[in-house]
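**Student:** Have a look at this one before I ask anything.
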C-alpha cells in the first residue's frame, strides 16, 4: 500500500486506501494504478515461479481479494511464468483465478478435512 499511497489523489489518506479504491481507479483508466497492478502481477509471477520449481504443481489457483485485480495482474503473472519457468514444469500447468471469491480458503480447508475424514473412515 505504500507504493499505492504515492500515486493516489492527494485528498485520500493512506490509512483510507483500499484495494477496492485502487480497482475503481484502474477501471477508470488511471495509468499509475494500472502500472502498479502490473508490477504486483510480476512480483506474484516471481513467487509463483518459485512454487512451480519447488513443487511442480499441475494447477495454481489465485484467490482472495486479488481476484478483483485479475484484469491487470493475470497477463504479467502468466508472462513472467512463461519466460522464467523451465519448459518441463510448464507442461500441463494451469494458472487460474478462483471463482469462489473470498470464501475459497474456508471451502478448501473444509474439503481437505472432509477428504481426510473419509479416507480414514474407509480404511
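**Student:** Would you mind telling me which numbered condition in (1) buried (at least 18 other Cβ atoms within 10 Å of the Cβ); (2) closer than 19 Å to residue 83 by Cβ residue 26 fails?
**Tutor:** Failed condition: (2).
**Student:** Would you check if there is a residue in segment 83-93 being assigned to a helix (DSSP H, G or I) and in contact with a strand residue (DSSP E or B) (Cβ under 8 Å, 6 or more places away or on another chain)?
**Tutor:** No, segment 83-93 has no match at all.
**Student:** Filter segment 40-65 for residues that are touching a strand residue (DSSP E or B) at 6+ places or on another chain (Cβ under 8 Å) and assigned to a helix (DSSP H, G or I); which is nearest to residue 3 (Cα to Cα)?
**Tutor:** 44
**Student:** Report, ordered by the first and then the second residue, all pairs with beta carbons closer than 9 Å, sequence separation of six or more or different chains, a first member in segment 104-123 that is within 21 Å of residue 63 (Cα to Cα), and a second member that is in a helix (DSSP H, G or I).
**Tutor:** Pairs found: 104/64; 104/67; 105/64.
**Student:** Among the residues of segment 91-103, how many are surrounded by 12 or more Cβ atoms within 10 Å (Cβ to Cβ) and touching a residue at least 12 places away in the same chain (Cβ under 8 Å)?
**Tutor:** The number of residues fulfilling the criteria is 8.
**Student:** Against the condition assigned to a helix (DSSP H, G or I), touching a helix residue (DSSP H, G or I) at 6+ places or on another chain (Cβ under 6 Å) and either modelled with pLDDT of 90 or more or under 26 Å from residue 107 (Cβ atoms) (or both), how does residue 77 come out, does it pass?
**Tutor:** Yes: the conditions hold for residue 77.
**Student:** Moving to a separate point now. Given the options 62, 52, name the one that is touching a residue at least 24 places away in the same chain (Cβ under 8 Å), closer than 25 Å to residue 31 by Cα and under 18 Å from the mean Cα position of the chain (by Cα).
**Tutor:** 62
The values are calculated or read from the model by the stated rules, or taken from the named source; none is laboratory data. It should be emphasised that the depicted structure is a prediction, and the values quoted were computed from it without experimental measurement. Cβ atoms come from the backbone with ideal geometry, glycine included; neighbour counts cover every protein chain shown.
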